[in-house]
Number of protein chains: 2
Amino acid sequence: MPDVGLQSELAKTADEERRRASSDAVAAREDRILDIIEKTRAKRPKFRDDHITMAHGAGGKATAALIEGLLVPAFASPALDVLGDAGIVTIDGVGLAMTTDSFVVKPIRFPGGSIGDLAVNGTANDIAMAGARPLALTLSLILEEGLPADVLKAEVDAIAKAAEVAGVTIIAGDTKVVERGACDQMYICTTGIGQVDARATLAPSGLKPGDKILLSGRIGEHGTAIMLARGEFELGAVVESDTRALWPAVDMLLHATGPALRCLRDATRGGVASVLNELARASGVAMLVRENAVPVLPAVMGAAELLGIDPMHVANEGVFVAIVDPGSATAALDAVRTVPGCEDAVEIGEVKTSPTGMVLVETSFGGKRVMDQLVGDPLPRIC
Amino acid sequence: MPDVGLQSELAKTADEERRRASSDAVAAREDRILDIIEKTRAKRPKFRDDHITMAHGAGGKATAALIEGLLVPAFASPALDVLGDAGIVTIDGVGLAMTTDSFVVKPIRFPGGSIGDLAVNGTANDIAMAGARPLALTLSLILEEGLPADVLKAEVDAIAKAAEVAGVTIIAGDTKVVERGACDQMYICTTGIGQVDARATLAPSGLKPGDKILLSGRIGEHGTAIMLARGEFELGAVVESDTRALWPAVDMLLHATGPALRCLRDATRGGVASVLNELARASGVAMLVRENAVPVLPAVMGAAELLGIDPMHVANEGVFVAIVDPGSATAALDAVRTVPGCEDAVEIGEVKTSPTGMVLVETSFGGKRVMDQLVGDPLPRIC
């Protein structure tokens, strides 16, 4: 009997050694690859496709190429160049954050929410991510001819309720109707405005090595809920969307950290991986994330494995990434955790010097891998 | 030969008498009908349909029922209650106008413009109609999978050019892609923001009997251009869309009239008829329009006759209605006519006491008819 224990111990040690040797070799190879990628990465992505594909809407590499390669250069505005979740404009001395989002989620109702909730929370959250208190929304509906009035009424109610919870007023609207088959039930475009909070001095391109990477909660639940609602695969568990208003958490965070808060991004399309990649590129820094620090529900992990994707690429609608000065990380987490929905807030890694513009994940085995932006569109129309 | 002349004169006189008698009878009948309609009209329209139809997007009666019967009560905000082209919100003492519009025009390119021009001008003009200088836009694209990149690039160029001409900056954007067949090439949602001009004291619900109704130019060209571009009927003439930025004309108007300018509305979906009906209802006044004072191109008139519709119901994208104090009407027209595209600005009628909430048209024969809001959707997807 003890022999078995000993054999087991020996096996473990050998296993560990193999892992270490393998991870050394992997690390050396990775270093060479990273060096090449890093050099390529510094350039602005180009939009070279002949046609629009689903990937252009997925929030990953193709989306970045479309936005940075075509749209931003065409409109050449300082607000756009920052590539934040919202544009900042100063009118008569008042700093305003504005953002817009179209919602084309399918199906329009799913566990934990609906297109109406998303349209309010998604846009209000992008305002909050600019360090601004969301104040007002505009609402534009594109409706498909034949849409049952009850379906529309349910979404109108969802919008009204979500707006009340988020503390925003709907101040203007528009309605268009297109023929049967020219849209999928309904699309909603919301645009938000908020006043930049005096405590916020966010600079998404000013991250410093040593800064801590915080996550406000568990990841991957929204995208998983949508895939399950489509019935495309079976999973003996219900996963609910995490759609929620994030300003209360941002408010607490600003109170706790003030200028020590470097930046905020909500991890929607393309997931946490895309947000971290965009920030790393914008600041010319690297990010190191400890994989086992990232909170993920077992059901979400299971669904991701079934689909062959990384939960870090799955969309969230109520989770944000905050980068803070290391001295304020504990205070920041304590503050955020007091807000309902953010009890699992956690530090997941830190900002590094190199490889510039890249995100590395330290796996449970101590190895490192590159966590790139989403490629293609494995989860279409999740928002 | 002189006899022919005399007979002709006599015939004319008899004709005139018949017209007068007939118009007296018509007038008496009209009075009774008007009385009934007036009583019905005072109530807020109800949204009672089971399904969404194309008419709900046409800018006429069904749209009003959807907006006033469902959306405005659900979102209960003072800005929405005004039912203006834009909502007004005050942030830190600065008065801001915000408006949003989705564009689903078909085809996306047509003589005189494209969906990109419309998306900029349409939204910037709604800001101008609130007496505010348009400053910034957000841009949200819904693209159909498979859309040729060149088609997208052409619209991105059109948006950039129109924004430059209109003097607005694009400060935030969003892109979504839906599967082939889930949208028709591309839809664009723009949201605009502007600062309310200090000279503007607009009150769309404060019209007074005696106020003059001004029109900034010829009507019906945009809607006609779209119908011709679809090839749905033949007309040996090219009609171009009137899509243009209206702030320069509003700027001149405010300079010339100041507080004598009661209100502005651009006559897009549902045409001049819908705008006047909405204003009459909002202020509890009547409107009297002289039909032969309204400038219409012969080709537009011909197209309207072919389609069996009134040019007053046809959409414009560069024409507005201004209601001014009678003492300032001449100065207002002189000012507006100096602006390119507004050379045909003209006074078309005046505000009356009764029948409350209604618009009457004085025909070329001296008779009167009710000019109601558009019913149904004879010209779908024109913006």
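The set of residues in the range A:254-279 that are touching a helix residue (DSSP H, G or I) at 6+ places or on another chain (Cβ under 9 Å), within 26 Å of residue A:378 (Cα to Cα) and assigned to a helix (DSSP H, G or I) comprises A:271, A:272, A:273, A:274, A:276, A:277, A:278.
Tallying residues that are over 23 Å from the mean Cα position of the chain (by Cα) and within 30 Å of residue A:88 (Cβ to Cβ) within the range A:159-178 yields 11.
Just checking, does the range A:151-161 include any residue being part of a strand (DSSP E or B), outside the structural domain of residue A:222 (by TED's automatic domain parsing) and closer than 27 Å to residue B:122 by Cβ? No, that holds for no residue. Under the condition of being at the interface with chain B (Cβ under 7 Å from one of its Cβ atoms) and more than 24 Å from residue A:280 (Cα to Cα), the residues counted in the range A:76-94 number 4. Per the conditions (1) among the small types (Gly, Ala, Ser); (2) within 11 Å of another protein chain (Cβ to nearest Cβ); (3) not in a loop (DSSP other than H, G, I, E, B), the sole criterion not satisfied by residue A:181 is (3). With respect to the conditions (1) out of contact with any Asp or Glu (no Cβ under 7 Å at 6 or more places or on another chain); (2) at pLDDT below 90; (3) not small (Gly, Ala, Ser), residue B:90 lacks only one, and its number is (2).
Given the criterion within 20 Å of residue A:136 (Cα to Cα), assigned to a helix (DSSP H, G or I) and in contact with a Gly (Cβ under 9 Å, 6 or more places away or on another chain), identify the matching residue among B:80, B:139. Criteria check complete, one pass: B:80.
Taken over the range B:127-154, residues that are crowded, with 24+ Cβ neighbours inside 10 Å, within 11 Å of another protein chain (Cβ to nearest Cβ) and not aliphatic (A, V, I, L, M) amount to 2.
Among the criteria (1) within 14 Å of chain B (Cβ to nearest Cβ); (2) in contact with a Pro (Cβ under 8 Å, 6 or more places away or on another chain); (3) modelled with pLDDT under 95, the one residue A:168 does not fulfil is (3).
Residues considered: A:64, A:119, A:97, A:124. Of these, the only one that is at the interface with chain B (Cβ under 9 Å from one of its Cβ atoms) and outside any loop (DSSP other than H, G, I, E, B) is A:97. Set side by side, the residues B:64, B:76, B:27 differ, and just one is closer than 30 Å to residue A:94 by Cα and at pLDDT 55 or above, which is B:76.
The values are calculated or read from the model by the stated rules, or taken from the named source; none is laboratory data. Just so we're clear, the structure is a prediction, and the values are computed from it rather than from any experiment. Note that each Cβ is placed from the backbone with ideal geometry, even for glycine, and that neighbours are counted across all protein chains shown.
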